[in-house]
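Chemist: Handing you a structure now.
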Protein chains: 2
Amino acid sequence: MNAQAPALTRNGLDLAQLDQTINLLSNQPSLAQFEFRASNQWINGGENRSQIRGFYGVGAEDQSRSADFVYTNGEPPVLLGHNEGANPVEYLLHALAGCVTTTTVLHATARGITIRKLSTRLSGTINLEGFLNLDPQATVGYESIRIEMAIEADCSDQELDELLAFAKDHSPVCNTVCRPVPVMLERV
Amino acid sequence: MNAQAPALTRNGLDLAQLDQTINLLSNQPSLAQFEFRASNQWINGGENRSQIRGFYGVGAEDQSRSADFVYTNGEPPVLLGHNEGANPVEYLLHALAGCVTTTTVLHATARGITIRKLSTRLSGTINLEGFLNLDPQATVGYESIRIEMAIEADCSDQELDELLAFAKDHSPVCNTVCRPVPVMLERV
């Protein structure tokens, strides 16, 4: 016999903690203000490396990480690199895939839906004439991005379609891409 | 005496290859059309993992990578995870840092500017009331992102400021964030 009941989870999320978090941020909206950060060093050519660790949220500096996350950007040979890592526009797809997935899982959990499987395939088109300044009319950056999601869950197809539309509307990375977000670049 | 002269490089980029690439894409603009891809599997809770390898560009499927790049998204405990990796909004900052850096380095190289050092610090603010659907008026995703760049190069401050403004306008990830880019999410 256990003295303590095991934590009740759905889709790998602790239901009591989810409930507490939502109640806390509902009652004290200022706690929902987060600041995320990264620092990056250029190595050579198309290679550079980021360190990610601290952030501010729920009213305090986070202290949960004992080491930096380190990720390396590179470029393939056709873009003058040596495949030192995925390139930045590919990392953006990774961020988008992860955010839409986590947003889907979180809101499914809140709705009482159990997900059995979830995977995505993303593709995005870019005309590099913009990047290389070969055509001033060319769009710079992704023209559009397509996400195909395969998902199996204990709900109807209609509930799944509604969940996916909701997740798209509430995914932070998806909305950073869909909406115009101001970026300030300053020399220090 | 070397039979072959070493490749002439600036900022780690091969100048002859840079010239060839720009001439090739100038003469055949259709070669500048790229498609980048990622596939992602949900693991559990806020953990999911991407594989990145193939892409289409310069008129062909790229064959240069012998293995997938694999990156793991996670969430910190205050966002119901176990720090399995940086979270998606942090990966987006990594992508943005890398893209602005590589765009700066590439266009500096084309202008004949040698960079000695380049590093960036990024911070972005997000109100999670949007993500959690606690306030329908709250912005979903980054409200704004700030990039501080420390750069040393063999040119004047005025040339540096012009280079940075140009890099911001020509960075694919920066423009994917700054401009509204359509994202299509479909269930398959």
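The values are calculated or read from the model by the stated rules, or taken from the named source; none is laboratory data. Only a predicted model underlies this, so the values are computations on that prediction, with no experimental measurement involved. Reconstructed Cβ throughout: ideal geometry from the backbone, glycine too, with neighbour counts over all protein chains shown. Areas reflect the complete protein model, heavy atoms only, side chains present, ligands, DNA and RNA absent. Shrake-Rupley method; radii C 1.70, N 1.55, O 1.52, S 1.80 Å.
Chemist: Can you give the accessible area buried between chains A and B, summed over both chains, with a 1.4 Å probe, in Å² to the nearest 100?
Modeler: Chains A and B together bury approximately 11400 Å².
Chemist: OK, next. What spacing in nm lies between the two simple spin-label points modelled at B:Q17 and A:D157, each 7 Å away from Cα in the Cβ direction?
Modeler: Output for this residue pair reads 4.9 nm.
Chemist: Please work out how much length the chain gains when fully extended from A:H82 to A:Q63, using 0.36 nm per residue of separation minus the C-alpha to C-alpha distance, in nm with one decimal.
Modeler: Working it through step by step, the gained length comes to 3.3 nm.
Chemist: Got the B:I22 label distances to the other copies yet, label 7 Å along Cα→Cβ, in nm, shortest first?
Modeler: Ordered by increasing distance: 5.5 nm.
Chemist: Right, here's the next one. Students sometimes get this wrong: rank B:T72, B:T109 by accessible area, probe 1.4 Å, all chains present, largest first.
Modeler: On the way: B:T72 25, B:T109 0 Å².
Output order, biggest surface exposure first: B:T72, B:T109.
Chemist: Rolling a 1.4 angstrom probe over the protein heavy atoms, how many square angstrom per residue are accessible across the stretch B:87-179?
Modeler: Details: 3070 Å² over 93 residues.
Roughly 33 Å² per residue, with all protein chains present.
Chemist: Further question: Distance between Cα centroids, the stretch B:128-188 to the stretch A:146-164: provide it in whole Å.
Modeler: Spelled out, the Cα-based centre of one part sits 30 Å from the other.
Chemist: According to the Cα gyration tensor, what semi-axes, each the square root of 5 times an eigenvalue, does the equivalent ellipsoid of the stretch A:34-85 have, listed from largest to smallest in whole Å? Working shown, then result.
Modeler: Working: eigenvalues 181, 18, 11 Å².
Semi-axes from the Cα gyration tensor: 30, 9, 8 Å.
Chemist: When only alpha-carbon atoms count, how far does chain A stretch along each of its three principal axes, as whole angstroms with the largest first?
Modeler: The Cα atoms of chain A stretch 66, 41, 33 Å along their principal axes.
Chemist: Moving on to the next point. Need one value for B:163-173: mean number of C-beta atoms belonging to other chains within 10 Å of its residues' C-beta atoms.
Modeler: Details: counts 1, 3, 2, 1, 1, 4, 4, 6, 8, 14, 12.
What the average comes to for B:163-173 is 5.
Chemist: Based on the alpha-carbon set only, what is the convex hull volume of the protein assembly as shown divided per residue, in Å³?
Modeler: In the protein assembly as shown, the Cα convex hull volume per residue is 167 Å³.
Chemist: Next question. Can you pull the mean other chain C-beta count within 10 Å for peptide B:8-16?
Modeler: Working: counts 0, 2, 1, 4, 9, 6, 3, 0, 0.
The shielding value for this peptide is 3.
Chemist: Can I ask one more? Using only the Cα atoms of the stretch A:87-179, what semi-axes does the equivalent ellipsoid have when each is the square root of 5 times a gyration tensor eigenvalue? Give whole Å, largest first.
Modeler: On the way: eigenvalues 199, 26, 22 Å².
Gyration-tensor ellipsoid for the stretch A:87-179: 32, 11, 11 Å.
Chemist: May I ask you to rank B:H94, B:H170 by accessible area, largest first, using a 1.4 Å probe over the protein chains only?
Modeler: Working: B:H94 0, B:H170 25 Å².
Highest to lowest solvent-accessible surface, that is B:H170, B:H94.
Chemist: In nm, to one decimal, how far is the modelled label at A:R179 from the one at B:E143, with both set 7 Å along Cα→Cβ?
Modeler: The modelled label-to-label distance comes out at 1.1 nm.
Chemist: Still on this structure, I have one more. Shortest first, in nm, what separates the label point of A:F166 from those of the same position in the other copies (7 Å along Cα→Cβ)?
Modeler: 4.9
Chemist: Okay, moving on. Averaged over A:135-142, how many beta carbons belonging to a partner chain fall within 10 Å of each residue's beta carbon?
Modeler: Numbers: counts 4, 0, 0, 2, 5, 12, 12, 10.
Per-residue shielding by partner chains comes out at 6.
Chemist: Cα to Cα, under 29 Å, and not fewer than 8 places away if on the same chain: which lysines meet these conditions relative to A:K168?
Modeler: Leaving aside lysines fewer than 8 places away in the same chain, those within reach of A:K168 are A:K117, B:K168.
Chemist: Measuring label to label, 7 Å along Cα→Cβ, what does B:K117 give against each other copy in nm, shortest first?
Modeler: In ascending order, 5.2 nm.
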